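Everything on this sheet refers to the single structure shown next.
Every number in this text was worked out from the coordinates using simple rules, so none of it is lab data. In this text, all values refer to a predicted model and were calculated from it rather than measured experimentally. Cβ: placed from backbone, ideal geometry, glycine included. Neighbour counts: every protein chain shown.
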Amino acid sequence: MIVLSTNWVFSQAPAVVLAAQSTGDSLPTRTPTLIPPSATIPAVATQASAVWIGRLVDRTFGFTNGGGSIFRVSVQGVVDTPIELRSDDQFIVANSGTKPEIGPYAAEFAPVTEGTWTVSVPALDVSLTVSADNYSLVIIEFVEVPEAEATQAVVTPPTPTPLGNTVWEGETTSEVIGAGGPFARLLVKVLEREAQPVQLSTLAQVINTANTGQKAEELGPNTVEFAGLTPGKYIVEPLGLNISLEVELKPDIVTYVEFRPKAAPATPTPTATVEATLTPIGAIATTAPPAPATPTSTPTPAPTVPEPSPVPISRWLGVVDERAEAGLDPSSIIIKVDSLDQVSVRLRSAPGGSLVDRRCTTGQDGLGVDTCAFTEVEPGRYVVEPEGFALSLPVVVYEHETVRVMFFDQELPPGVVGWQAEIAKNSNGFVADPQADAKIRVRADDGPAGLVIALNSVQGSTRYCELAPVSDLGSLACEFGRLRAGVYRLVAETTGASQRLFVDGRGVAEISLAPNATLDTVAQALAAPVVGYGAQPRPAAPPPTTAPITQVVAQLPTVAPSPTIPLTPTVVITPTPAFEWQARIVETGFSGAGAIGVRVIDVKDQPVLLKSGDWQSQTLLTGSKPELGNYAVEFGGLAQGEYTIELVDLTEYRVQLEPGQFVLVEFDYVLVQ
């Protein structure tokens with residue numbers, strides 16, 4: 001017997017198995033699918049010097065609510081060939097090309113229960129072992145590659161940021177079941193850094209900051225513990241090392257995170273007999289050789305050696321160098337890795353986008369020794385990575401345009417170890433305003449133009465802008481407008497600089513971005529944490545001399561205070577603004593077929609699930625049903641009953657659906673009155 005992951009039991013007949021299928025907006029079903037005999041499976045042309053491999057392209061933790069993982073599998077260039085998932089006595093099968101909305105050669109499997117699964121394409125005699133945790137979205141692809149590349153790693157490690165001549169990288173090393181209870185526990189280890197301050201935060205607030213080594217006998221050296229945490233997504237940042245890591249903490253799970261130094265390659269010294277080598281990747285420190293000591297015949301006291309001057313360091317940056325119209329031609333991306341030939345550059349779709357993973361190599365014919373190009377690129381969001389540089393740059397591509405991206409090595413001034421973002425001006429107050437008219441402007445007097453700025457909101461959405469000359473300011477700048485009240489995190493991509501701030505819905509904040517971070521300023525990162533739901537504490541203005549007394553007298557008209565008795569004004573505490581997701585039914589009607597529409601105000605590409613009992617729909621992204629508003633999705637073909645609408649990782653709302661009824665539910669992130 002073969003048992004499907006949905007606990008269905010069926011005969012192991014060679015001609016009929018159960019296939020996991022998606023039915024769009026209707027209720028999911030599992031129907032028998034006839035598999036053709038092996039002799040009729042489409043033949044796949046394979047080059048003599050090439051082999052088929054399977055590789056894990058991406059894994060998004062916390063994508064589902066725990067009811068099962070989602071596997072999206074594609075077989076490059078091949079449709080209608082069976083893809084099989086096996087784990088112990090569980091077995092699921094679907095054909096490539098049955099999920100065209102995520103890729104022409106893709107299939108989707110859901111739910112995939114926790115465990116180790118073997119994903120295989122029998123017609124190609126290729127397989128891949130992948131683990132499922134009930135929470136993740138897993139992207140897998142099978143591709144044909146030259147034999148020399150068959151053993152190369154495909155999954156890019158977390159992108160560290162160079163600092164000085166050291167690159168720091170971090171990863172989640174393990175997850176262990178706890179001792180029981182609803183809370184999560186986090187252990188963070190920073191190798192070779194005793195008493196290293198580690199900050200734990202969310203986009204909304206700083207949770208805690210503590211030093212490693214406080215419980216060395218219990219936890220070991222270089223380790224710090226955060227316990228009693230509400231399950232959810234957190235940002236772990238060892239302060240001063242210019243690196244942070246997002247982690248998903250689960251109830252009754254102990255999560256172990258480790259940060260480690262990774263020394264950057266030393267700068268090679270060219271000689272007359274050695275061929276020129278590539279410029280080192282990452283942060284580079286160049287030092288002059290010490291002068292030879294002058295021999296002396298008699299002992300002399302050692303001279304006082306002056307302090308050495310700061311050694312200039314350099315780091316690699318990425319910018320969008322130019323955007324140009326391409327007429328009626330398809331869009332393209334041209335990448336330049338300054339002065340370096342034969343560098344592999346990867347282009348992949350941003351999380352949530354279509355399945356794209358392509359590579360080119362600098363030195364491409366007709367483009368120069370340090371340049372290569374991707375042609376016929378569909379409009380969307382992408383990530384460009386020169387492989388081996390510990391760099392990644394998000395790039396937005398529009399229709400019929402040519403985008404030029406450049407990576408180059410920037411030498412920093414002596415004594416400067418990196419970039420930093422500081423709040424230069426801020427007119428935002430403590431009290432949130434219901435309107436959405438706040439602005440955040442990013443300004444950089446020292447360039448470079450085309451630097452990509454990402455703005456992450458607490459709602460989970462991300463917006464981008466690129467620094468460009470602004471004549472009125474006399475510097476490079478870009479701006480994010482029409483912002484609702486809330487907490488935002490601004491990141492200057494590839495520089496390692498970031499800043500978190502609260503806006504009230506009507507104020508203006510200006511962020512100054514410059515390569516001026518020193519070891520002293522990096523050490524001051526502990527100062528002025530974000531508190532509460534994100535409001536920045538400010539110095540109080542001097543209290544007025546007469547207004548408080550007048551106010552107190554007016555409140556107590558029957559008691560005349562003596563002039564000789566000092567009166568203490570009542571301190572009125574302005575509460576930190578709090579926000580929450582709220583839902584309401586904005587439209588109902590009867591259309592003959594049960595349907596639920598979901599509209600999420602101002603949040604595009606937000607994953608939405610619909611659940612009822614043990615049944616769960618496929619995940620839909622807001623914006624796929626524009627006729628219902630900005631931004632909406634719709635679930636159709638629903639029977640009468642109670643349903644739960646889940647905005648993944650945000651909130652839930654229950655709705656009762658009558659026979660043939662249509663209900664439109666609107667979610668908004670609003671101020672709690």
*If the cut-off is a Cα-Cα distance under 24 Å, which lysines reach Lys262, setting aside same-chain residues fewer than 8 apart in sequence?*
Lys189
*Around Glu411, what is the net charge, scoring Lys/Arg as +1 and Asp/Glu as -1 over all other residues with Cβ under 14 Å from its Cβ?*
-2
*How far apart, in nm, are the 7 Å Cα→Cβ label points at Val470 and Gln214?*
4.1 nm
*Under Stokes-Einstein, with the Kirkwood radius over Cα pairs standing in for Rh, what whole-number D in µm²/s applies to region 615-667 at 20 °C and 1.002 mPa s?*
177 µm²/s
*In nanometres, what is the gap between the two model label sites at Leu328 and Arg463, each 7 Å from Cα along Cα-to-Cβ?*
3.5 nm
*How many nm separate the modelled label positions at Ser624 and Glu658, each set 7 Å beyond the Cα in the direction of the Cβ?*
2.9 nm
*Rounded to the nearest Å, what's the spacing between the alpha carbon centres of region 318-376 and region 428-474? Just the number, please.*
26 Å
*Could you pull out every one of the lysines with an alpha carbon less than 25 Å from that of Lys604, ignoring same-chain neighbours closer than 8 positions?*
Lys99, Lys233, Lys439, Lys625
*asked:* Once R0 is set to 35 Å, what does the formula 1/(1 + (r/R0)^6) return for the Cβ-Cβ distance between Asp365 and Asp446, expressed as a FRET efficiency to the nearest 0.05?
replied: 0.45
*Extent of region 416-459 along each principal axis, from alpha carbon coordinates, in Å, largest to smallest?*
39, 19, 17
*How long is the gain from Val431 to Glu175 if the chain were fully straight, where each residue apart is worth 0.36 nm and the alpha carbon distance is subtracted?*
88.2 nm
